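*Asks:* Structure incoming, see below.
Read-outs throughout are calculated quantities, based only on the coordinates presented, and are distinct from any laboratory measurement. All of these numbers come straight from a predicted model, not from anything done at the bench. Neighbour counts run over all protein chains shown; Cβ positions are idealised from the backbone, glycine included.
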Amino acid sequence: MTQETRKNEIINTAAKLFKEKGYSAVTMRDLATAMGIKAASLYNHITSKQDILKAIIITIAEEFTAGMHAIMNSDASNIEKLKKIVALHINITSNNTNGMASLNNDWMHLEDQLDYYLQLRNEYETNFLSIIQRGISSLEIKANNPEIIMFSMLTTLRSLYLWIPKKEDLSANDLAHSLSEVLIEGINI
């Protein structure tokens, strides 16, 4: 097994443990036990539990940021952009439910990367809100409070990591379509 593959295995196992127990409750010994290796062996591949958390959260946050940039730069209508945001959340969450749990529940434990993470999150939410505001201005979206619309959508999208693993029979495309109808149809004129 290559070092990079082993590092990814450590990160994925840690994400699962963080989801089950929370970042603060997981020790390096817990991680080593879950992997069937000695705790000292972990340090051949990673430097600390904090570095694992950063790898999980920052990677996902950057993936959301890149996805949002692509959506913002598309020529799609504002409603279509919102549908693409729903699909983005479903795709990222479907591929990494454990990591999404850390993103949602453990981000405040980031140390030297906390400001960077908050910058990414704020930029993402600013762009999301901008799409909604432009949709209201162009009469694509009902004239409701844009922050409440965003909050309602993001609350649902951020909790998908709890629900998706229980719905293995749903394809990501079907879920994106259905969820878009539920979340957007109420604001679509």
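*Asks:* Just grab the label-to-label distance for Ala39 and Asn145, each label 7 Å out from Cα along the Cβ direction, in nm (one decimal).
*Replies:* With each label placed 7 Å out from Cα toward Cβ, I get 4.8 nm.
*Asks:* Can you bin every Cα-Cα distance in segment 1-48 into 5 Å intervals starting at zero and give me the percent of pairs per bin, rounded to whole numbers?
*Replies:* Final binned percentages: 5, 23, 36, 25, 9, 2.
*Asks:* Related question: Provide the net charge surrounding Thr65, with neighbours chosen by a C-beta distance below 13 Å and charges set as Lys +1, Arg +1, Asp -1, Glu -1.
*Replies:* -3
*Asks:* If the cut-off is 24 Å between C-alpha atoms, which lysines fall inside it for Lys7, apart from same-chain ones fewer than 8 positions away?
*Replies:* In chain and number order, the partners are Lys16, Lys19, Lys21, Lys38, Lys49, Lys54.
*Asks:* Give me Rg/Rg_expected for the chain, where Rg uses Cα atoms only and Rg_expected = 2.2 N^0.38 Å with N residues.
*Replies:* Taking N as the residue count of the chain, the ratio is 1.14.
*Asks:* On to the next question. Tilt of helix 78-95 relative to the longest C-alpha principal axis of the chain, in degrees (0 to 90, nearest 10)?
*Replies:* Taking Cα atoms only, the helix is inclined about 20 degrees.
*Asks:* If you don't mind, there's one more thing I want to ask. If each of Ser152 and Lys21 carries a label point 7 Å out from its Cα toward its Cβ, how far apart are those two points in nm?
*Replies:* Label at Ser152, label at Lys21, 4.0 nm between them.
*Asks:* To continue, here is another question. Kindly identify segment 110-169 as rounded, prolate or oblate by the Cα gyration tensor criterion: order the square roots of the eigenvalues as a ≥ b ≥ c, call it rounded if a/c is under 1.5, otherwise compare a/b with b/c, prolate if a/b is larger, else oblate.
*Replies:* Cα axes put segment 110-169 in the oblate bin.
*Asks:* Same structure, new question: Would you mind getting me the FRET efficiency between Leu162 and His69? Use the beta-carbon distance for r and R0 = 25 Å, nearest 0.05.
*Replies:* Taking R0 as 25 Å, the efficiency between Leu162 and His69 is 0.40.
*Asks:* Select from Gln133, Thr59, Thr27 the residue farthest towards the positive end of the dipole of the chain; place +1 on Cβ of Lys and Arg, -1 on Cβ of Asp and Glu, and compute about the Cα centre.
*Replies:* Thr27
*Asks:* Determine the dipole magnitude for the chain: charges of +1 sit on the beta-carbon of Lys and Arg, -1 on that of Asp and Glu, nothing else is charged, the reference point is the Cα centre, and the result goes in debye to the nearest 20.
*Replies:* Roughly 460 debye for the chain.
*Asks:* Could you work out the relative contact order of the chain? I mean the mean sequence separation of Cα pairs under 8 Å and 6+ apart, divided by the number of residues, in percent.
*Replies:* Reported relative contact order: 26 percent.
*Asks:* Further question on the same structure: Most exposed first by the Cβ proxy, i.e. fewest other Cβ within 10 Å, how do Met100, Met108, Met68 rank?
*Replies:* Met108, Met68, Met100
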